[in-house]
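Enquirer: Mind looking over this structure? Questions follow.
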């Protein structure tokens, strides 16, 4: 259970950071950021929309190649030079996700709005290129660290406090970065020096108490990153809490049986042959008791008062042991029932979390995570069976104009309408997912290029001939690419389809293109 909780928490953290990274990447690739003059006021509105889309964005800004902030949410840091910041320097070489840090200048601007102090952030940054592929600016965003607490609270079991379950996030230096101020926690926990990722064991956390500890690595938000985070999620529970009270009952029963055996031996040695036969009988009865017998009659022919009393005491002891045995069995049944119930609840929660993590809430299509999983599945199947598949990248033409003219509610209706048209145009074996704001990815298994283009045309025509109030008719551009066994990874076909999409847009939109 602790291992599942650790992996689930690591998955939630990685998914959240990948989504923020993808949002910044996609915004940096929009026509506004690629073509518009850097002094355009349209940047402020675009940054504001991204800022409102996620509650934990504290700052989003557009910085020129010299490090000067040109546009920013709430005009914070506008005019400041951030060329010395690692996120600005590293993002000029590609998308960058930075480790947890404090930002004193920005924190001073936000101090009256956020009560936690000191304020810590995670950086997300992406380069902005012009139409010729030249670097023209850097888009950066700071996400407030408190998103981690809310994310962990969602996956933490309801009875975690009662069961003394704790979750920690550890950075590459083996330092605790969650929860804040670990030195103030009971026992001042210190991360164990030796442990293995994806393993479990008892470890000492800087005190004399040992904890059952599980470790799960957090997937990097940027693939092949030159500056990896190397975060790990560690879940621990005290050893005394892990061990059940069944062990105590077993020790008590063992001590009683051992004490009875000592008494029997001592009496046999003291009384000698005179009482050997009754003692042997009592020993046999005691053996039956220790073997778990229940219906035992203590009818020993005792020839002394002491033996009669011993016979009676043995009978009472057997009754007591039997009662405790039944109590132990009932306790075991209750414990097994509780474990089964908690396991079922956790499995149901994990299934629900898995579904939510793979479904786009607006359109009902699969999201980026599910699309990546399906791409990897189809790529592996192609490598085994040598069966090609097609990848379609689709984008709604002039979607920003729809939002600006009719509002975001109408934009959402257009997205839902397009998603429905895609689903009705595909086969049951095909896959469709929403991977960006108005961007969709379609996978066509066992399909050649000619049929893929035909299906893409069918989707384009169905969307173009349909009607959405109050917008009217809308159009889409589609890029088509084929996956081949010679390709290095599943991402290769996606990149080619993306190039086809841009080719379709440059050719005038409302068309299908392949490269």
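Enquirer: Being assigned to a helix (DSSP H, G or I) and buried (at least 20 other Cβ atoms within 10 Å of the Cβ) is the filter here, so list the residues in segment 75-89 that pass it.
Expert: If the condition is that a residue be assigned to a helix (DSSP H, G or I) and buried (at least 20 other Cβ atoms within 10 Å of the Cβ), then 87, 88 are the ones that fit.
Enquirer: Another question about this same structure. Could you go through segment 437-448 and let me know if any residue there is farther than 21 Å from residue 501 by Cα and surrounded by fewer than 21 Cβ atoms within 10 Å (Cβ to Cβ).
Expert: yes
Enquirer: Provide a single number: the residues in segment 151-188 that are farther than 16 Å from residue 4 by Cβ, part of a loop (DSSP other than H, G, I, E, B) and without any contact (Cβ under 8 Å) to a residue 24 or more places away in the chain.
Expert: Number of matching residues: 10.
Enquirer: Six or more apart or on different chains, Cβ under 9 Å: which pairs go from a residue in segment 370-388 that's over 26 Å from residue 357 (Cα atoms) and assigned by TED's automatic domain parsing to the domain that holds residue 18 to one that's surrounded by 13 or more Cβ atoms within 10 Å (Cβ to Cβ) and modelled with pLDDT under 95? Could you list them?
Expert: none
Enquirer: Sort through 429, 447 and tell me the only one that's more than 29 Å from the chain's Cα centre (by Cα), under 25 Å from residue 358 (Cα atoms), assigned by TED's automatic domain parsing to the domain that holds residue 403 and not in a helix (DSSP H, G or I).
Expert: Exactly one of 429, 447 is more than 29 Å from the chain's Cα centre (by Cα), under 25 Å from residue 358 (Cα atoms), assigned by TED's automatic domain parsing to the domain that holds residue 403 and not in a helix (DSSP H, G or I), namely 447.
Enquirer: Which residues, taken from segment 476-501, are buried (at least 17 other Cβ atoms within 10 Å of the Cβ) and in a helix (DSSP H, G or I)?
Expert: 490, 493, 494, 496, 497, 498, 500, 501
Enquirer: Output the number of the condition that residue 233 fails; it satisfies all remaining conditions of (1) more than 22 Å from residue 157 (Cα to Cα); (2) part of a strand (DSSP E or B).
Expert: Result: residue 233 fails condition (1) only.
Enquirer: OK, next. Would you check if residue 202 is within 22 Å of residue 12 (Cβ to Cβ), part of a strand (DSSP E or B), outside the structural domain of residue 10 (by TED's automatic domain parsing) and in contact with a helix residue (DSSP H, G or I) (Cβ under 9 Å, 6 or more places away or on another chain)?
Expert: no
Enquirer: Take the residues of segment 502-515 that are in a loop (DSSP other than H, G, I, E, B) and touching a helix residue (DSSP H, G or I) at 6+ places or on another chain (Cβ under 6 Å): which is nearest to residue 382 (Cα to Cα)?
Expert: Top of the filtered list is 515.
Enquirer: Could you please let me know if residue 388 is surrounded by 19 or more Cβ atoms within 10 Å (Cβ to Cβ) and at pLDDT below 95?
Expert: Yes; evaluated as a whole, the condition is true for this residue.
Enquirer: Can you find a residue in segment 392-409 that is over 17 Å from residue 494 (Cα atoms), in the same structural domain as residue 487 (by TED's automatic domain parsing) and under 27 Å from the mean Cα position of the chain (by Cα)?
Expert: No, segment 392-409 has no match at all.
Enquirer: Would you confirm whether or not segment 65-73 contains a residue that is in contact (Cβ under 8 Å) with a residue 60 or more places away in the chain and not in a strand (DSSP E or B)?
Expert: Yes.
Enquirer: Looking at 299, 303, can you tell me which residue is farther than 30 Å from residue 152 by Cα, exposed (fewer than 12 other Cβ atoms within 10 Å of the Cβ) and modelled with pLDDT under 80?
Expert: 299
Enquirer: While we're looking at this one, here's another question. Taking the condition within 28 Å of residue 404 (Cα to Cα) and either touching a strand residue (DSSP E or B) at 6+ places or on another chain (Cβ under 8 Å) or surrounded by 19 or more Cβ atoms within 10 Å (Cβ to Cβ) (or both), does residue 3 pass?
Expert: The answer is no for residue 3.
Enquirer: Of the residues that make up segment 208-219, is at least one surrounded by 14 or more Cβ atoms within 10 Å (Cβ to Cβ), part of a loop (DSSP other than H, G, I, E, B) and touching a residue at least 40 places away in the same chain (Cβ under 8 Å)?
Expert: There is at least one residue in segment 208-219 that is surrounded by 14 or more Cβ atoms within 10 Å (Cβ to Cβ), part of a loop (DSSP other than H, G, I, E, B) and touching a residue at least 40 places away in the same chain (Cβ under 8 Å).
Enquirer: Here's something else I'd like to know. So residue 458 fits all but one of (1) buried (at least 16 other Cβ atoms within 10 Å of the Cβ); (2) part of a helix (DSSP H, G or I); what number is the exception?
Expert: That leaves (1) as the condition not met.
Enquirer: Look at segment 432-478 and say how many of its residues are at positive phi and out of contact with any strand residue (DSSP E or B) (no Cβ under 8 Å at 6 or more places or on another chain).
Expert: 1
The values are calculated or read from the model by the stated rules, or taken from the named source; none is laboratory data. Fair warning: this is a prediction, and the values are worked out from it, not measured in the lab. Note that each Cβ is placed from the backbone with ideal geometry, even for glycine, and that neighbours are counted across all protein chains shown.
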